[in-house]
Amino acid sequence: MQAWTLEYRPKTIKELHHKVVRDQLLEFLKKGKIPQVLLFAGPKGIGKTSASRIIAAVLNDKKNTQAVKLAYSQDNSTLLPLQEPDVSDPFIVKILSGKSYVVQELDAASNRGINEIRDLKERVLLPPIEGNISVFILDEAHMLTTPAFNALLKIMEEPPSHAIFILATTEIDKIPETVLSRCQVLRFSKASNDEIRQLLEQIIKKEKITLQPDVLNKILELADGSFRDAVKLLEQVTTHNQTSNANAALAFFPPIIQEIEKLVNYIIKKDAQEVSQIFKHLREIKIDENYFSTKLLGFLHHQLMLNIFQSQEKPKIDQSVALFLLKSFNQPLNNQNNYIPLLATEIIALELIERAKKKNGNPPKIPKSTSFNQSKTQEKQAAGDGQKLIDQWGEFVNKVGNINAKLATLFCTTKPFLAEKNKVIMGVFYKFHQEQLTQPQVINLIQTIASDIGGGFIEFEFQLEEQQKHSLDLNQALIS
């Protein structure tokens, strides 16, 4: 049995749940031509991939063969309307399920270099073995490197008549202007609660489910504008092994604020064991990560506001603690790449406790350091200006983030505090962070980027520092 996210995936343009996008694509069908370079921009789970495959199905449906020939021939003065795909055709079924070679999907996050784009350009030149049009979908297109984007520009300017490009991204601001100017952009905003409710009610009716209104409202809140997440949550709730919908809802949507209050309390008490027990419980009940993170930040912000505005409601934690914890947890969490749910959030909580305990335990005052000398290739480069790099540190981190978002996040936990000619010394607070930053491939990457900003070769030294010298820790928050 298929998961509901697959079973209830749209198969025609009229079935697309996002009204604005649906209307735009229907207009393309009416005119008889779909632009050859499209860019779908918007958050996850709202139908970018589904819409891409449906477009491929439309263009490769047998009944649209003549319309496609007219639309993409040199003389396209006469156009015929395009029709919705025949979802009973086995060939169309393969396209919609992503199993046809006429649709080639490339994950730009892991195939982001110029060599992958060069290979793609060679494949684009070959006409499809079956069907009318080859459709190339570049998911997470913003992850492509600058050389890769440059290599892609020429083929985007003059695509062959048998090919269409669809770039999909969750971060349109990272797409170069030169690329945007060559695309027909369709913006997928977050789905409205009414759009999601309409979809869920269709599923509820077809599956013959009885669901209480408050449970449905909670799903809408958790989904946060994502069709996919809403359907997934509905399936999880309705298949929960409980005797009634009310019990299922209670089991799946626990009183999360109580868990958050306990978590904050145990962090303040520096009780790592109890903190880990809370996260273990949250995994057992399969709490949604985005929902938990949102509620945690919301609770901490509410406590901060209670302290600042001196409301009649008594705050549960002091202002300094609320501000410190809010700053600590308010950072990009790459939970989606973890095999263990909520791992990134748990690590932050445990690190806060570790830092507080280390300060109480009088850690060694002599810092350990790790530095790397320049390679033979780098010896040929002129020495750069370390202070110039520090002065433009934000630009450096942004450039690192364009290539490796996780590495940029790691740099946010370090602090450059000294420049000696072409050498930059950085404070690193954790041994495992130091080990990650001193890997040869990481050093090569950051030195390449730093040389562009610093005007030549920059040497990095990472010192394992005492936490209290360079950052606010939990003890400071508690006693201030």
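The values are calculated or read from the model by the stated rules, or taken from the named source; none is laboratory data. These figures come from a predicted structure and were not determined experimentally. Neighbour counts are summed over all protein chains in view; Cβ atoms, including those assigned to glycine, are modelled from backbone coordinates with ideal geometry.
Here's the yes/no breakdown for (1) part of a strand (DSSP E or B); (2) at pLDDT 75 or above; (3) of a type outside the set (Gly, Ala, Ser):
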{"residue": "LEU410", "(1), (2), (3)": "no, no, yes"}
{"residue": "GLU435", "(1), (2), (3)": "no, yes, yes"}
{"residue": "ILE443", "(1), (2), (3)": "no, yes, yes"}
{"residue": "GLN447", "(1), (2), (3)": "no, yes, yes"}
{"residue": "ALA450", "(1), (2), (3)": "no, yes, no"}
{"residue": "LEU472", "(1), (2), (3)": "no, no, yes"}
{"residue": "GLN476", "(1), (2), (3)": "no, no, yes"}
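Any residue that is at pLDDT 90 or above, over 21 Å from SER226 (Cβ atoms) and loosely packed, with under 15 Cβ neighbours inside 10 Å - is there at least one of those in the stretch 184-201?
Yes: the stretch 184-201 contains one or more residues that are at pLDDT 90 or above, over 21 Å from SER226 (Cβ atoms) and loosely packed, with under 15 Cβ neighbours inside 10 Å.
When you check ARG9 against the structure, is it outside any loop (DSSP other than H, G, I, E, B), in the same structural domain as PRO127 (by TED's automatic domain parsing) and not aromatic (Phe, Trp, Tyr), yes or no?
no
With respect to the numbered conditions (1) more than 17 Å from VAL87 (Cβ to Cβ); (2) in contact with a helix residue (DSSP H, G or I) (Cβ under 9 Å, 6 or more places away or on another chain), which one is the sole condition not fulfilled by LEU25?
The one condition LEU25 does not meet is (1).
Specify the residue that is surrounded by the most Cβ atoms within 10 Å (Cβ to Cβ); the eligible residues are those in the stretch 203-225 that are of a type in the set (D, E, K, R) and assigned to a helix (DSSP H, G or I).
So the residue we want is LYS218.
Suppose we filter THR49, THR5 for residues that are within 21 Å of the chain's Cα centre (by Cα), of a type outside the set (Lys, Arg) and more than 17 Å from ARG187 (Cα to Cα); which single one remains?
THR5
Among all residue pairs at least 6 apart or on different chains, which show Cβ distances below 7 Å where the first residue, located in the stretch 149-164, is in the same structural domain as ARG53 (by TED's automatic domain parsing) and the second is of a type in the set (Ser, Thr, Tyr) and exposed (fewer than 15 other Cβ atoms within 10 Å of the Cβ)?
LEU153/THR178; SER161/SER73
Here is a yes/no grid of residues against (1) surrounded by fewer than 14 Cβ atoms within 10 Å (Cβ to Cβ); (2) touching a helix residue (DSSP H, G or I) at 6+ places or on another chain (Cβ under 6 Å); (3) modelled with pLDDT of 90 or more:
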residue	(1), (2), (3)
ILE95	no, yes, yes
TYR101	yes, no, no
GLN104	no, no, no
LEU125	yes, no, no
LYS154	yes, no, no
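I need every pair where a residue in the stretch 447-461 that is closer than 15 Å to GLY401 by Cβ has its Cβ under 9 Å from the Cβ of a residue that is hydrophobic (A, V, I, L, M, F, W, C) and outside any helix (DSSP H, G or I), sequence separation at least 6 or different chains.
ALA450/VAL424; ALA450/PHE457; ALA450/ILE458; ALA450/PHE460
Just one of LYS69, LYS44, LYS31 is more than 18 Å from GLN184 (Cα to Cα), over 32 Å from the mean Cα position of the chain (by Cα) and surrounded by fewer than 20 Cβ atoms within 10 Å (Cβ to Cβ); which is it?
LYS69
Name the residue, out of ALA168, ALA109, that is touching a strand residue (DSSP E or B) at 6+ places or on another chain (Cβ under 9 Å), at pLDDT below 85 and either on the phi < 0 side of the Ramachandran plot or assigned to a loop (DSSP other than H, G, I, E, B) (or both).
ALA109
Name the residue, out of LYS14, LYS99, LYS33, that is more than 23 Å from LYS154 (Cα to Cα) and in a loop (DSSP other than H, G, I, E, B).
LYS99
Given the conditions (1) touching a Leu at 6+ places or on another chain (Cβ under 8 Å); (2) surrounded by 14 or more Cβ atoms within 10 Å (Cβ to Cβ); (3) modelled with pLDDT under 90, report the number of the one that VAL135 does not fulfil.
(3)
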